[in-house]
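> Can you keep this structure in mind? I'll have questions shortly.
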DNA sequence: GCATGGCGCTACATAAAGTGTAGCGACAGG
DNA sequence: CCTGTCGCTACACTTTATGTAGCGCCATGC
């Protein structure tokens, strides 16, 4: 029996595709760790907590396909204009997370 | 050899714990689908695209532990005040995702 | 030349996470 | 009782991620 791939959000609604992409393991962390400056492959891998190179590379490919990051050979991986816009949405999380941490003890 | 659990972001930094939580499969979708009104277990399961009850329940437990959602026996699962605050951060994504979809063709 | 070290990335066996389907126990009507 | 709905569990199976080794490329320096 043939099984179809589910990831990629077959609904065709961008928001669903986006939530699906961001919901994959390490994706949010990768985008987050690129907030300050470009990072090298191995550097990024360590920053996000040591995920395997296999999955790091997979995610980087997905994020490049989504035009959220790009590889500058001279500097490393960095957010594209689009990726930086996305990050801007998430920046409030940093402050909010502190409040949240207190709330849940 | 004993293996330690990694999820839960041992760093102690709230933002990391939050990104880890949100980066788990289906979590963003669940929060998103609760944006309008409370939803029943099975209803929620269908809305997010038919994930298995096993994992839906696991995520609901994690989200309840994080005080982002709660179960009202009379109405179903719904966002807490904290969860609603979090959702507010994500709402701009809806608009942005349309722009993003056009940009990536 | 030719080793050294960093670069992005791949291979592959093992372990963890998620799926699909069946069905449980509790409770509410009829 | 029977029927339906509720949240949720059991479990065999499939998919995804981990951990470790190491590849090919290229620049630097002896």
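> Only one of (1) away from chain B (no Cβ under 11 Å); (2) in contact with a strand residue (DSSP E or B) (Cβ under 8 Å, 6 or more places away or on another chain); (3) away from DNA strand D (no atom under 16 Å from the Cβ) is not met by residue A:83, so which one is it?
Condition (1) is where residue A:83 drops out.
> If we scan region A:38-47, do we find a residue that is in a loop (DSSP other than H, G, I, E, B), under 19 Å from residue B:23 (Cα atoms), modelled with pLDDT of 95 or more and more than 11 Å from DNA strand C (Cβ to nearest atom)?
no
> Right, another one. In region A:48-57, what residues are surrounded by fewer than 15 Cβ atoms within 10 Å (Cβ to Cβ) and in a loop (DSSP other than H, G, I, E, B)?
Scanning region A:48-57 gives A:50, A:52.
> Would you confirm, using the coordinates I've provided, whether residue A:98 is more than 18 Å from residue A:47 (Cα to Cα) and either facing chain B (nearest Cβ under 9 Å) or without any contact (Cβ under 8 Å) to a residue 60 or more places away in the chain (or both)?
In short, yes.
So that you can scan it fast, the table gives a plain yes or no per residue for (1) closer than 24 Å to residue A:101 by Cβ; (2) out of contact with any helix residue (DSSP H, G or I) (no Cβ under 6 Å at 6 or more places or on another chain); (3) touching a residue at least 24 places away in the same chain (Cβ under 8 Å):
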| site | (1), (2), (3) |
| --- | --- |
| B:27 | yes, no, yes |
| B:38 | no, yes, yes |
| B:49 | no, yes, no |
| B:72 | no, yes, yes |
| B:94 | no, no, no |
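> So which residues in region B:58-72 are more than 18 Å from residue B:22 (Cβ to Cβ) and near DNA strand D (Cβ under 7 Å from one of its atoms)?
If the condition is that a residue be more than 18 Å from residue B:22 (Cβ to Cβ) and near DNA strand D (Cβ under 7 Å from one of its atoms), then B:71 is the only one that fits.
> Just the residues that are under 17 Å from residue A:37 (Cβ atoms) and either facing chain B (nearest Cβ under 8 Å) or not in a helix (DSSP H, G or I) (or both), please, taken from region A:58-79.
The answer is A:68, A:69, A:70, A:71, A:72, A:73, A:74, A:75, A:76, A:77, A:78, A:79.
> Pick from region A:58-69 the residues that are surrounded by 13 or more Cβ atoms within 10 Å (Cβ to Cβ) and without any contact (Cβ under 8 Å) to a residue 12 or more places away in the chain: which of them is farthest from residue A:86 (Cα to Cα)?
Taking region A:58-69 and keeping what is surrounded by 13 or more Cβ atoms within 10 Å (Cβ to Cβ), we get A:58-60, A:62-64, A:66-69.
Among the residues that remain, those that are also without any contact (Cβ under 8 Å) to a residue 12 or more places away in the chain are: A:58, A:64.
On the way: A:58: 20, A:64: 14 Å.
For region A:58-69, the residue satisfying everything is A:58.
> May I pose another question? Yes or no: residue B:82 at pLDDT 95 or above, over 15 Å from residue A:15 (Cβ atoms), more than 14 Å from DNA strand C (Cβ to nearest atom) and in a helix (DSSP H, G or I)?
Values: at pLDDT 95 or above: yes; over 15 Å from residue A:15 (Cβ atoms): yes; more than 14 Å from DNA strand C (Cβ to nearest atom): yes; in a helix (DSSP H, G or I): yes.
Yes.
> Scan region A:17-28 and tell me whether some residue there is away from DNA strand C (no atom under 12 Å from the Cβ), in a helix (DSSP H, G or I), within 15 Å of the chain's Cα centre (by Cα) and more than 10 Å from chain B (Cβ to nearest Cβ).
No: region A:17-28 contains no residue that is away from DNA strand C (no atom under 12 Å from the Cβ), in a helix (DSSP H, G or I), within 15 Å of the chain's Cα centre (by Cα) and more than 10 Å from chain B (Cβ to nearest Cβ).
The values are calculated or read from the model by the stated rules, or taken from the named source; none is laboratory data. Fair warning: this is a prediction, and the values are worked out from it, not measured in the lab. Reconstructed Cβ throughout: ideal geometry from the backbone, glycine too, with neighbour counts over all protein chains shown.
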